[in-house]
Amino acid sequence: MPGRLTEGVSVSAGRTIAVGTAAPGTTLARSARSRPAPPSITHRLPGILSRVNVAAKKKIFAVQEYVSLSLASLRFIFARPFYAQDVVQQMDAIGVKSLGIVVLTGFFTGMVLALQSSVQLKTFGASQYVGSLVSASMIRELGPVLAGLMVAGRVGSGIAAELGSMKVTEQIDALNTLGTDPIKKLVTPRVLAALIMLPVLTVVSDVVGIIGGNVIAAAYVGIPTEAYFRTVWEQIASGGFTLRYIPNDFIQGLVKPFIFGGIISTVACYYGLATTGGTEGVGLSTTRTVVAASVSILISDYFLTQIMLSVLGT
């Protein structure tokens, strides 16, 4: 009869289909229990760990590639041929063309420092020390950090976009074909220019920041310019001197931008040379450069400050 189960066959609507032996009283519950159970969390865990392992290896490999690129770019500074014209061109692009934004940022930062500090110091009757606070803040911290962040945003993104465009258009491969090392030709001049120009930009930022503080001190607080700059010098002298003539504040304020310049240039070159995926990849490399360089500057600033305080004792 239709639908009748027999040992080994099932006859339904004129079709014969081979099945296993079905005992009387077989229920759907038994069929459900016979299905394989879905994989549990313990079965999925090895797959998750494998993906984490692959991601961790990629990050470690990226750090290794970045360190190798940085060391190679520094080593090529002392190797021939030396591309002096490219270095001068990059010094103009990194230093001279960044001068406007650094001056603007430093000047208004000094004005804000003087304005805010005058309000707090007035409470204690110590408004005459506005110059000391502005000079210490600008020379030790804000000058190097702000100059580094401005250069990272303007120059770092530009370097990553330029090298990234060369990579996706196969110009880097063309250099290799011609027997020219891309690191020596493209990376080393940019790194050397950043190492030279970022301390110069920091000095400019410090000077205009102190001048901006003087404008607020004279116009709003009523501190004479002579008294303002006297407190500035007293603050610099109070930090002590190295080799009897070099203020420790200057050492701390110029070592940091030197390190920041190396960070910005190497990070930008690394992401630029690692660009893939056409124009979309160029934009992604630019964004990663600005974020990575800015975060690296802020993190390294803390550790550099700790080291400087331990070594110089100021």
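Rule-based calculations on the coordinates, nothing more; no lab input. Not measured: the values here are computed from a predicted model. Quick reminder, even Gly has a Cβ in these numbers, built from the backbone with ideal geometry, and neighbours come from all protein chains shown.
Among the residues of region 171-208, just one is charged (D, E, K, R) and over 16 Å from residue 269 (Cα atoms), namely 206.
Every residue, every condition in (1) free of Cβ contacts under 8 Å to residues at least 40 places away in the same chain; (2) within 30 Å of residue 247 (Cβ to Cβ); (3) of a type in the set (A, V, I, L, M), yes or no:
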{"position": "112", "(1), (2), (3)": "yes, yes, yes"}
{"position": "145", "(1), (2), (3)": "no, yes, yes"}
{"position": "157", "(1), (2), (3)": "no, no, no"}
{"position": "161", "(1), (2), (3)": "no, no, yes"}
{"position": "169", "(1), (2), (3)": "yes, no, no"}
{"position": "173", "(1), (2), (3)": "yes, no, no"}
{"position": "182", "(1), (2), (3)": "no, no, no"}
{"position": "187", "(1), (2), (3)": "no, no, yes"}
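Selection of helices (runs of 4 or more DSSP H) fully inside region 214-314 by the criterion of at least 1 residues being under 23 Å from residue 145 (Cα atoms) and either within 25 Å of the chain's Cα centre (by Cα) or among the basic types (Lys, Arg) (or both) returns 248-273, 278-312. Comparison of 249, 206, 301 shows that the only residue that is closer than 25 Å to residue 104 by Cα, touching a Lys or Arg at 6+ places or on another chain (Cβ under 8 Å), surrounded by 19 or more Cβ atoms within 10 Å (Cβ to Cβ) and among the charged types (D, E, K, R) is 249. When you look at residue 127, is it of a type in the set (Gly, Ala, Ser) and within 23 Å of residue 219 (Cα to Cα), yes or no? Yes: the conditions hold for residue 127. Out of everything in region 146-164 that is buried (at least 24 other Cβ atoms within 10 Å of the Cβ) and aliphatic (A, V, I, L, M), what residue ends up being farthest from residue 194 (Cα to Cα)? Taking the candidates together, the pick is 163.
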